[in-house]
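Accompanying notes for the structure given below.
The values are calculated or read from the model by the stated rules, or taken from the named source; none is laboratory data. Just so it is clear, the model here is predicted, and its values are computed rather than measured. Methodologically, a virtual Cβ is constructed for each residue, glycine included, from the backbone with ideal geometry; neighbour enumeration extends over all protein chains shown.
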Amino acid sequence: MNNSIWDVNVELAMNVAIIFMLFGNAREAIACLTTRWPDIKGSSYALARQICLAALEGTKSNAEARAAFEAAADEAGILKRN
């Protein structure tokens with residue numbers, strides 16, 4: 001199982017209280033996607049789940065998982081932009 005840390009964290013603005021959370025690997029991303037994700041679950045959400053799970057299995061890269069997670073967060077409107 002691939003538990004490698006991503007090169008760059010993904011930072012999301014969660015909840016109405018604007019809590020910023022950092023996600024640094026596919027395992028953390030999957031936990032967020034399955035337990036903390038807002039109601040906006042478009043095509044990027046489904047793809048992020050698929051790619052992050054594949055990254056944990058070692059069939060997709062960490063870079064692919066991070067990019068998919070970031071795209072889903074952007075689609076949901078929770079990606080924190082620096």
| said: On the basis of being touching a Cys at 6+ places or on another chain (Cβ under 6 Å), under 13 Å from Asn2 (Cα atoms) and either at pLDDT 95 or above or buried (at least 18 other Cβ atoms within 10 Å of the Cβ) (or both), does Ala65 make the cut? | reply: yes
| Here are some conditions: (1) of a type outside the set (Gly, Ala, Ser); (2) surrounded by 18 or more Cβ atoms within 10 Å (Cβ to Cβ); (3) without any contact (Cβ under 8 Å) to a residue 60 or more places away in the chain; (4) out of contact with any helix residue (DSSP H, G or I) (no Cβ under 6 Å at 6 or more places or on another chain). Thr35 meets all but one. Which one does it not meet? | (2)
| request: Report the residue count in segment 41-82 for those that are more than 20 Å from Val8 (Cβ to Cβ) and part of a helix (DSSP H, G or I). | output: 7
| field | Selection within segment 51-66 - within 12 Å of the chain's Cα centre (by Cα) and free of Cβ contacts under 8 Å to residues at least 12 places away in the same chain | value | none
